[in-house]
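Report on the following structure.
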Amino acid sequence: MRARAAVLTEVKKPLEIWDLDVDLPKEGEVLVRVAAAGVCHSDLHYIQGDLTTVLPAVPGHEGAGIVEAVGPGVTRFQPGDHVLFVFRAFCGRCFYCLNGRPALCDFSNPLRRTGRMFDGTTRFHRDGQDVHHILGVSCFAEYTVVPEQGLLKLPDDIPLDRAALVGCGVTTGVGAVLFAAGVQPGDSVAVIGCGGVGLNVVQGAALAGAGPVIAVDVVPQKLEWAKQLGATHVVNAREHDPLDAIRSLTEGRGADYTFEVIGRVDTIQQAYEATRKGGTTVIVGLTPQGSVLPLDPLDLLRAEKTIKATLYGTANLPRDIPRLLELYRLGRLKLDELISRRLRLEQINEGFEAMLAGSVARSIVVFDS
Ligand code: PAD
Ligand code: ZN
């Protein structure tokens, strides 16, 4: 089968649109016709080389589609099923899975490390050359092959472009608040970085009944969106020192919970400073591989702060993703408002440019068929 895909051939270069040969799914694998794929900053980290992977490769990890074919031994899915990609395929049987933490499951480590399927081969090729997978998803392609453990079944009534966002940004952001931090009604929350993921931290804080919810960004439009998603106060970090602003909105103490949703050491430090004594700093942003966070342990101790990090919103994926979709159905979780721009696959680099320019909450690649 042939499929067009956006391919990362070299770091710091735009993605190229290639016509690929896509193999049929092997044992335990599923061929998915991709319907929509969100443009997440984590993909940009691969493009910029802050996260490394085997190249050439097809990025894209936030997406949804329809099962086209299943390989031998696949029992959970059949052609026609609507599915969500999970960028941490999980076995469902190990210690972490049984304790509600599937994103920590080691099952998919070989996929991420090698950019290949479990049998050591790729399902994408061009002119006989292997093209690799990223995070075992690679949904910037018309068709992709994934292990069945990397899919969750979606209900048919949720539009696939809206559902796609739940594959990463929504679950990560809302989950950071509800599942990682466990924010309670009336807790004060500050969110540093209100892009596609940070806006979901804001809406997660609103869902949790937090207040104040202080949104910090450097782009005025992001702050407008943050207000629409439930921020009670906004701070433009280009105009005001976020630390002063957060402290003055929390009786001088700092927030109960601060979230860093950019992926920079300096803003993680800022979030830590803006956390009150006894409060919690939550790291959501992915810093470049090898970064070091300078931290005075005595300061941490004297202030009794907690530093937490969250992968995939610390969500129990098969339990929590259906819950989030139900909240969307009930009008409690906003998804439509998060999509600023729909792109054709050929326009994908514009999605990354718009992300860097700060002009979109999320862009989403929508496939024709
Ligand atoms: P994005 O580019 O849409 O958002 C980043 C936001 O930060 C933008 O709105 C910027 O304007 C804003 N910003 C930049 N500099 C500053 C500053 N100095 N002060 C305040 N705001 C600033 O990215 P995203 O929302 O898609 O992703 C955010 C991070 O989250 C990124 O590092 C991504 O890789 C990471 C992520 N983590 C997980 C996880 O499991 N932890 C999952 C998905 C994404
Ligand atoms: Zn992502």
ask   = Across region 322-347, what is the total count of residues that are farther than 13 Å from ASP161 by Cβ, open to solvent by less than 50 Å² (accessible area, probe 1.4 Å) and in contact (Cβ under 8 Å) with a residue 60 or more places away in the chain?
value = 5
request  = Look at ASP157 and say whether it is away from ligand 1 (no atom under 12 Å from the Cβ) and part of a loop (DSSP other than H, G, I, E, B).
outcome  = yes
message = Can you report the number of residues in region 43-55 which are within 11 Å of ligand 1 (Cβ to nearest atom) and either among the charged types (D, E, K, R) or modelled with pLDDT under 95 (or both)?
response = 3
ask   = So is THR267 assigned to a strand (DSSP E or B) and of a type outside the set (Phe, Trp, Tyr) or not?
value = no
ask   = Does ALA231 satisfy the condition of being of a type in the set (Gly, Ala, Ser), open to solvent by less than 70 Å² (accessible area, probe 1.4 Å) and either in a helix (DSSP H, G or I) or farther than 24 Å from GLY182 by Cα (or both)?
value = no
key: Matching residues in region 16-74 - criterion: being under 25 Å from ILE339 (Cα atoms) and away from ligand 2 (no atom under 16 Å from the Cβ)   = GLU16, ILE17, VAL32, ARG33, ALA35, GLY65, ILE66, VAL67
request  = Might you check whether a residue that is over 23 Å from HIS45 (Cβ atoms), crowded, with 20+ Cβ neighbours inside 10 Å and more than 18 Å from the chain's Cα centre (by Cα) occurs anywhere in region 353-368?
outcome  = yes
Selection count where residues are within 16 Å of ligand 2 (Cβ to nearest atom) and either at pLDDT below 95 or assigned to a helix (DSSP H, G or I) (or both), scope region 163-202 = 17
note = Scanning region 39-89 residue by residue, those hydrophobic (A, V, I, L, M, F, W, C), open to solvent by 30 Å² or more (accessible area, probe 1.4 Å) and outside any loop (DSSP other than H, G, I, E, B) turn out to be ILE66, VAL70
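The values are calculated or read from the model by the stated rules, or taken from the named source; none is laboratory data. A quick note: this is a predicted structure, and the numbers were derived from the prediction, not measured. Don't worry about glycine lacking a Cβ; one is built from the backbone with ideal geometry, like all the others, and counts go over all protein chains shown. Note: areas computed on protein heavy atoms with side chains; ligands, DNA, RNA excluded. Shrake-Rupley method; radii C 1.70, N 1.55, O 1.52, S 1.80 Å.
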